[in-house]
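This report concerns only the one structure given below.
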Amino acid sequence: MSRTRPVNCIIPPYILEKLLDSEDREERQAALDTLLVTARLRGERAIRASFSGAAAPGVGRRTVFDCEEDEFLANAVLARTEDGPESADASVNRAFDALGLTRDFYKEVFERNSIDGRGMRLDGYVHFGFQVKNAFWDGRQMLFGDGDGKEFSDLTGSLDVIAHELTHGVTDHTSGFEYHNQSGALNESISDVFGSLVKQWSLKQSAEEADWLIGADVYTPGIGGDALRSMKNPGHAFNNPKFGKDPQPDRMSKFVHLPDTWQGDNGAVHYNSGIPNKAFFLTAVRIGGFAWEAAGSIWYESLKASGPEDDFQDFATTTFQKAGELFTAGSHEQSAVLSAWREVEVPVKGVPVGVARVRSFAVDGNGGAGRMDGSAALAKQVSALNDKVETLAKDVAALKGAR
């Protein structure tokens, strides 16, 4: 059964909960206010979902509104439109530009027409609430808090944060990953993946040049070198007295088990997203070049081919299949996918561990193909296994359809 989709926000609850224990009364209050705003937005999204319908086709037009520190969007004033001049407010212009970059990325790289593929309009609301320490995708528009200038600066200051949130909308309109447990962690990971790719695309950075950090521009502005999450090294994005150590795992043996409740982060979705994040990073650097080209295409096609309740193994298997379809079975790209999932301890269905181990040696740690990558015998074996995986996937799809 499909669950009501929650409001999506960039700041993990475990960070806001740390601030509730702060000795600073203003910090505690700001964190509490942010959590309360999140709860209210969740309720509003649930109500809207029951009245939702198909949007008219469009061209992804941008409109930015200024909430003037109010929390009710009906009170916001128009600040910038697609055809209007720049605003005197830097937050308005940053939001406007980031919405456009994300829209253009999906259009130019994947030929996707805005969030829903049909030109959905892009509405952003800046200065949302008083010192709100978060950015939200509420199912229809983006909301940006100003932060407090200490733990978080203005949330419009991070392109990857904005692209992360808008990608939740893309996921809503493709796989529809349910927001709990492993499917919810995949939902969060997909937003990190494409949030990072939008930033890399805008900077024209290769996989090797990218920092693979999420939210580095807005998290703890007074502390250099940290971020909300690290796709390259989950568990090492931050380590400071106020927030402690980044709790993300980077492999299944470190998987975090929490209750499937709001207090339990819907089954630790912000924690365990580190596992598929690491798999994407490994895939991208082992393929080399620009990550949005090969690795990004594999993940995007896999997102479109996935189902709401798919888990890590389901998605790993889909990426393996799509890599074979896009770049041929046994290719360097497919080898990179297989070895990446093996390193984070997620098996690919239909591929024996022994074969996965052999194929993982076909890609060296520097992103280049190893001497075994050209083995015709192994390529033939993997091709045959790929056919079996495709057959299994069709059987599973048929079973799901018969439920």
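Laboratory data are not the source of any read-out in this text; all were calculated from the coordinates shown. All figures in this text were calculated on a predicted structure; none of them were measured in a lab. Note: ideal-geometry Cβ built from the backbone for every residue, glycine included; neighbour counts use all protein chains shown.
Where Lys and Arg each count +1 and Asp and Glu each count -1, what net charge lies around Arg80 among other residues with Cβ under 14 Å from its Cβ? Residues near Arg80 contribute -3 overall. Considered as an equivalent ellipsoid built on the Cα gyration tensor, region 83-221 has semi-axes of 22, 18, 17 Å, the largest given first. To the nearest 0.05, how large is the calculated FRET efficiency for Gln313 and Ala88 if R₀ is 51 Å and r is the Cβ-Cβ distance? My answer for the efficiency is 0.50.
Applying 0.36 nm per residue to the separation of Arg28 and Lys107 and subtracting their alpha-carbon distance, the gain on full extension is 24.3 nm. Of the GluC sites (Glu not before Pro) in region 106-205, the ones in a loop by DSSP (not H, G, I, E or B) with at most 10 other beta carbons within 10 Å are Glu111. Computed from phi, the 3J(HN,Hα) profile of region 65-79 under the Karplus parametrisation 6.51, -1.76, 1.60 (θ = phi - 60°) reads 10, 10, 7, 6, 6, 8, 9, 9, 5, 5, 8, 5, 10, 5, 10 Hz, with x in place of Gly and Pro.
Fully extending the segment from Ser206 to Glu325 would add 40.5 nm, taking 0.36 nm per residue of separation and subtracting the current Cα-Cα distance. Taking a ≥ b ≥ c as the square roots of the eigenvalues of the Cα gyration tensor, region 272-355 is classed as rounded, since a/c falls below 1.5.
The fewest-to-most ranking of Ser202, Ser175 by surrounding Cβ atoms within 10 Å reads Ser202, Ser175.
For Leu122, the residues 5 or more places off, or on other chains, whose built amide H falls under 5 Å of its own are Arg61, Arg62, Thr63. Evaluated at 4 °C with a viscosity of 1.567 mPa s, what Stokes-Einstein diffusion coefficient in µm²/s does region 177-247 have when Rh comes from the Kirkwood expression over alpha-carbon pairs? My calculation gives 98 µm²/s for D. If R0 is taken as 30 Å, the Cβ-Cβ distance between Glu69 and Lys304 corresponds to a FRET efficiency of 0.15. Annotation note: trypsin sites (Lys or Arg not before Pro) in region 133-212 located in DSSP loop regions with a Cβ neighbour count of at most 12 within 10 Å are Lys204. If R0 is 35 Å, the Cβ-Cβ spacing of His257 and Thr81 corresponds to a FRET efficiency of close to 0.15.
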